[in-house]
Amino acid sequence: MTWDSAVTDIRTLLSDGPNDKLMWRKKVIGQVDGTNLNFKTFEFRRVTAFVNPADPNIPEGVYVDNAKVTVSAEDLPSGNFTLAAAPTQGQTIDATYYVQWFNDAEITQFLTSASEWAGYQDAFAQIPEGLRPAAKEYAASQAFQKLSLRFAQNLAETYQLYDAPDQKRFDPVKVYADIAKQKMDLAFELRDDFYKDRQGQALAPRFGVVRGRVRDVPPKR
């Protein structure tokens, strides 16, 4: 049976589905001066569309002084959006939205790496059911390694948050790096358990028995 749910399974393990990470009434980045229309949500990848929402009554969207406002344009991968009217100085702007850490292409790459590690080249859909828990943990380790690298970047410089405390900026780097190591250790443990139970052959000793008769050789005189 092919592993058709692989991408979904990794998202479930990472809690990275479309409705897993809610940002509720979070402040956005941008100058409030009565003329600026361009703002940005902070996270790496926003998945909630502010322009023409499917349901205008949902809480997701942009708020100016607690009133939901119209967004005329946006770019979801970067989080940028453009308001229809410029907020005036002193007004507060926040937004409610969902984010995801990874897109499907990244999840697929993590699975491909796990498949190569497990000995199935890039055909992760062919990984047998008993070996999939190990492959999932390996893919998750790759994901958390990437997160640690993302947070290692100087966010204060990227977003011009010059007053951001540096010591706090590095907290998620260590957290995600530690999780990546834990996931990798678990992946090796699960893989070894799979082979030790004789469901696979990677750890099985390579030996055989040759049956037949061997002629006695007389000693030399």
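The values are calculated or read from the model by the stated rules, or taken from the named source; none is laboratory data. Here the structure is a predicted model, which is why all the values come from computation and not from measurement. All Cβ positions, even for glycine, are placed from backbone atoms using ideal geometry, and neighbour counts span all protein chains on display.
Across the stretch 190-216, which residue is modelled with the lowest pLDDT among those that are of a type outside the set (A, V, I, L, M, F, W, C), part of a helix (DSSP H, G or I) and surrounded by 13 or more Cβ atoms within 10 Å (Cβ to Cβ)?
Going through the stretch 190-216, the residues of a type outside the set (A, V, I, L, M, F, W, C) turn out to be 191-193, 195-201, 205-206, 208, 211-213, 215-216.
Next cut, part of a helix (DSSP H, G or I) only: 191-193, 195-196.
Adding the requirement that they be surrounded by 13 or more Cβ atoms within 10 Å (Cβ to Cβ) leaves 191-193, 195.
Working: 191: 95, 192: 93, 193: 93, 195: 89.
By that ranking, first place goes to 195.
Yes/no matrix, rows are residues, columns are (1) without any contact (Cβ under 8 Å) to a residue 60 or more places away in the chain; (2) over 30 Å from residue 5 (Cβ atoms):
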| position | (1), (2) |
| --- | --- |
| 45 | yes, no |
| 61 | yes, yes |
| 65 | yes, yes |
| 87 | yes, yes |
| 97 | no, no |
| 106 | yes, no |
| 110 | no, no |
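Could we say that residue 38 is out of contact with any Leu (no Cβ under 6 Å at 6 or more places or on another chain), exposed (fewer than 15 other Cβ atoms within 10 Å of the Cβ) and under 26 Å from residue 150 (Cα atoms) here?
Numbers: out of contact with any Leu (no Cβ under 6 Å at 6 or more places or on another chain): yes; exposed (fewer than 15 other Cβ atoms within 10 Å of the Cβ): yes; under 26 Å from residue 150 (Cα atoms): yes.
Yes.
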